[in-house]
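Structure record follows, encoded as structure tokens.
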Amino acid sequence: MEHTNSLVKTIIKGIREKKGAKIVVVDLSGMEGTVCHYFVICQGNTPTQVEAIADSIVDTVRQDLGEKPAHSIGLTNAVWVAMDYSDVFVHVFVPDVRDYYDLEHLWEDAPITYLEDED
């Protein structure tokens, strides 16, 4: 689990490199039947920023941990990019798409951590 925690921290570092906002970490590790241990969710203001955040996550995780996502989808239109790091799924949204899907509240019993935005 220590590696997974390092992965979450590194993903957050990549998000912050490109000024990703409203970062949320959903801890699914104590729940049965989930496909991963954590969701990391954030947003960018535009599709261009969403793409830049996703690229920054990939670059930061590769440089710091030597890993790459098993799969990524959504870069074509960049309103919702989903990245699969096995134990951690990352979701980068534009605000209206994030509000519509409200992923952080799909699992009501999961602990949610809301991170402060950096200036």
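The values are calculated or read from the model by the stated rules, or taken from the named source; none is laboratory data. Model, not experiment: these values are computed from the prediction. As a convention, Cβ positions derive from the backbone with ideal geometry for all residues, glycine included, and neighbour counts pool all protein chains shown. What goes into the accessible areas is simple: the full protein's heavy atoms, side chains included, and nothing from ligands, DNA or RNA. Shrake-Rupley method; radii C 1.70, N 1.55, O 1.52, S 1.80 Å.
When V97 is tested against (1) more than 16 Å from L7 (Cα to Cα); (2) in contact with a Gly (Cβ under 9 Å, 6 or more places away or on another chain), exactly one condition is not met: (2). Under the condition of being surrounded by 12 or more Cβ atoms within 10 Å (Cβ to Cβ) and either at pLDDT below 90 or assigned to a loop (DSSP other than H, G, I, E, B) (or both), the residues counted in region 107-116 number 4. A search for C-beta distances below 8 Å between a residue of region 103-119 that is over 22 Å from W80 (Cβ atoms) and any residue that is surrounded by 14 or more Cβ atoms within 10 Å (Cβ to Cβ), counting only pairs 6+ apart in sequence or on different chains, returns P111/V26; P111/D27; E118/R16; E118/K19.
Checked against (1) assigned to a loop (DSSP other than H, G, I, E, B); (2) open to solvent by 30 Å² or more (accessible area, probe 1.4 Å); (3) closer than 20 Å to S6 by Cα, P69 passes all but a single condition, namely (2).
Here V90 clears all of (1) open to solvent by less than 40 Å² (accessible area, probe 1.4 Å); (2) without any contact (Cβ under 8 Å) to a residue 60 or more places away in the chain; (3) not in a helix (DSSP H, G or I) except the condition numbered (2).
You will find that of D99, D64, the residue that is within 18 Å of K22 (Cα to Cα), of a type in the set (D, E) and in a helix (DSSP H, G or I) is D99 and no other. Within region 14-29, one or more residues are surrounded by fewer than 23 Cβ atoms within 10 Å (Cβ to Cβ), free of Cβ contacts under 8 Å to residues at least 60 places away in the same chain and small (G, A, S). The set of residues in region 42-61 that are assigned to a helix (DSSP H, G or I), touching a residue at least 40 places away in the same chain (Cβ under 8 Å) and under 18 Å from F89 (Cβ atoms) comprises V50, S56, I57, V58, T60, V61.
Among residues that are open to solvent by less than 10 Å² (accessible area, probe 1.4 Å) and out of contact with any Asp or Glu (no Cβ under 9 Å at 6 or more places or on another chain), V50 is included.
Considering the conditions (1) assigned to a helix (DSSP H, G or I); (2) open to solvent by 20 Å² or more (accessible area, probe 1.4 Å), L75 is excluded by exactly one of them, (1).
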